[in-house]
Amino acid sequence: MTDAFAFPDGFLWGAATAAHQIEGSPLADGAGPSIWTRFAHTPGLTHNGDTGDVACDHYRRWKDDVRLMRELGLTAYRFSVSWSRVLPEGTGRVNPAGLDFYSRLVDALLEAGIEPLLTLYHWDLPAALDDRGGWLNRDCAGWFAEYATVMAKALDGRVRKWVTLNEPWVITDGGYLHGALAPGHRNKYEAPIASHNLMRAHGAAVQAYRAVGRHEIGLVVNIEPKYPASDAPEDQTATRRAHAYMNEQYLHPALLGHYPPELREIFGDAWPDWPAEDFALIRQPLDFLGINYYTRNVTRADGSWPLKAGAVKQPSATYTETGWEVFPQGLTDTLLWVRRTYGDIPLYVTENGAAFFDPPVAEGGRVRDPLRIDYLRRHLRAVHEAIRAGCDIRGYMVWSLLDNLEWSLGYSKRFGIVHVNYATQQRTVKDSGRWYANVVRSHGRALGEPLPY
Ligand code: PNW
């Protein structure tokens, strides 16, 4: 095997999941409801009425799932904690059974030689806090800091990599602007407030972590590079707007201490004048950034609300089942852009993967998913290229370990490298999982080999 694709020593090879998408049993053992429990139980809001009540039953099968990761040879696992399992009302009373679940999971991971990356917030706000205004209430910064303190006190001895928020852009755009995700609001006046408060909460959680934790904490954002559809000035301007909105809206305040000016253009009178002292809270020193990358966007000016920028479909490209163009070069471009814009901060690719149609499990327990292998292989090569170009990239996590609940799309989209039969909860490693195990074992060298299947 050639060394052409060997990755740096210590590079972490992992897979990612999120609590609400895999755990099931959302109200077990004293847990409180989250906004996703409510959202999914409101008729008409999710595909097929799907909920997270059972999901992958990981809450009861976590030992088997850790064993599976060990069999795949993973060296890292990114998961999230359900806030309302630990603090059923969001603040105040701690539910020991909820904390114990994550404590046992972390022990099992360490025992298996798998480094845990813990995300504090992957979209499942305690419903009790939504009743108090959720992310629209400025008090959320204090709530989130309190929760971060509880978690750090309990687990910092064993968890060395912490993440505050997963994808603040999706939380706000899906939850407060377009309404496809919980809590399902569609309000141009709320969206900037939710965004800003999320970032204040991020800053407050980092501060709280520093007071009790001794390891590393960072932020995870989704980045989708924007390429103008033409040289026309209106397309160039639309591209800049879309880029500021999706890619700079959170990284700019977190790392530079200010918002990109385009946000005022986009939101107009819905964009408030923020108190200057907020930026001192938001801009905290971070130990790393996590980048979630799925696709790019070729942008043209159009009448869409409120961005006035839309996507141009690429006639000869491959699209995934979620309608996302496969564009590996965008991952290299993204990692280089982050380094160029925000400096040489350690990076992890904290999510990357694809939903494709998978055939049923064949006799002998095989799932052939060549398109997913091709996707992962080309994106891993793109990561390698960014490392060669000087980016400090410390790990890569496939989205996802398991087929799981794709939010309002329900169980209809499968991202896993492991197939889940939702009727029996049987796990079957897909061809992509076997292939990834080989990449991990060879520390990337297998990326230079022809496709095995
Ligand atoms: C991420 N976009 O969501 C989430 O972190 C996961 O929970 C989710 O399952 C996964 O990607 C696949 O969707 C995203 O529109 C949702 O740009 C939407 C976008 C990006 C990420």
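Where a number appears in this text, it was derived from the coordinates with a stated rule and is not lab data. None of the values given here were measured: they were computed from a predicted structure. Note that we place each Cβ from the backbone using ideal geometry, even for glycine, and neighbour counts take in every protein chain shown.
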### Message
Would you confirm whether or not the stretch 116-128 contains a residue that is part of a helix (DSSP H, G or I) and within 16 Å of the ligand (Cβ to nearest atom)?
### Response
no
### Query
So which residues in the stretch 124-134 are touching a Gly at 6+ places or on another chain (Cβ under 8 Å) and touching a residue at least 60 places away in the same chain (Cβ under 8 Å)?
125, 126, 127, 128
### Message
Being within 16 Å of the ligand (Cβ to nearest atom), among the aliphatic types (A, V, I, L, M), in contact (Cβ under 8 Å) with a residue 40 or more places away in the chain and not in a loop (DSSP other than H, G, I, E, B): is that true of residue 255 here?
### Response
no
### Summary
Of the listed residues (154, 201, 180), the one being among the small types (Gly, Ala, Ser), in contact with a Ser or Thr (Cβ under 8 Å, 6 or more places away or on another chain), touching a residue at least 24 places away in the same chain (Cβ under 8 Å) and buried (at least 23 other Cβ atoms within 10 Å of the Cβ) is 201
### Task
Filter the stretch 129-138 for residues that are part of a helix (DSSP H, G or I) and either small (Gly, Ala, Ser) or within 16 Å of the ligand (Cβ to nearest atom) (or both) and give the result.
134
### Query
Is there a residue being within 23 Å of residue 117 (Cα to Cα) and free of Cβ contacts under 8 Å to residues at least 40 places away in the same chain anywhere in the stretch 374-381?
no
### Task
Among residues belonging to the stretch 96-115 that are charged (D, E, K, R) and touching a Phe, Trp or Tyr at 6+ places or on another chain (Cβ under 8 Å), point out the one that is farthest from the ligand (Cβ to nearest atom).
104
## Note on the structure
Taking the stretch 337-352 and keeping residues more than 15 Å from residue 221 (Cα to Cα) and in contact (Cβ under 8 Å) with a residue 12 or more places away in the chain leaves 343, 344
### Summary
Filtering the stretch 294-326 down to residues that are in a loop (DSSP other than H, G, I, E, B), away from the ligand (no atom under 13 Å from the Cβ) and touching a Ser or Thr at 6+ places or on another chain (Cβ under 8 Å) yields 312, 326
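Condition check: touching a Lys or Arg at 6+ places or on another chain (Cβ under 7 Å) and surrounded by fewer than 22 Cβ atoms within 10 Å (Cβ to Cβ). Does residue 48 satisfy that?
No.
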#### Entry: Flag if residue 349 is away from the ligand (no atom under 16 Å from the Cβ), buried (at least 22 other Cβ atoms within 10 Å of the Cβ), closer than 25 Å to residue 224 by Cα and of a type in the set (Val, Ile, Thr)
no
### Task
Please indicate, with yes or no, whether at least one residue in the stretch 279-286 is within 17 Å of residue 224 (Cβ to Cβ) and surrounded by fewer than 22 Cβ atoms within 10 Å (Cβ to Cβ).
no
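Can you name the residue in the stretch 367-407 that is assigned to a loop (DSSP other than H, G, I, E, B) and under 20 Å from the mean Cα position of the chain (by Cα) and is also nearest to residue 322 (Cα to Cα) among such residues?
406
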### Residue count, the stretch 311-336 (criterion: without any contact (Cβ under 8 Å) to a residue 24 or more places away in the chain and over 19 Å from residue 377 (Cα atoms))
6
### Message
Being within 14 Å of the ligand (Cβ to nearest atom) and not small (Gly, Ala, Ser) is true for just one of 435, 407. Which residue is that?
### Response
407
### Query
Which of the residues spanning the stretch 70-105 are free of Cβ contacts under 8 Å to residues at least 60 places away in the same chain, crowded, with 22+ Cβ neighbours inside 10 Å and among the hydroxyl-bearing types (Ser, Thr, Tyr)?
84, 102
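Given the criteria out of contact with any Cys (no Cβ under 8 Å at 6 or more places or on another chain), among the hydrophobic types (A, V, I, L, M, F, W, C) and away from the ligand (no atom under 11 Å from the Cβ), does residue 376 qualify?
Spelling it out, residue 376 is indeed out of contact with any Cys (no Cβ under 8 Å at 6 or more places or on another chain), among the hydrophobic types (A, V, I, L, M, F, W, C) and away from the ligand (no atom under 11 Å from the Cβ).
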## Note on the structure
Restricting the stretch 215-246 to residues that are touching a helix residue (DSSP H, G or I) at 6+ places or on another chain (Cβ under 9 Å) and of a type in the set (D, E, K, R), the one nearest to the ligand (Cβ to nearest atom) turns out to be 224
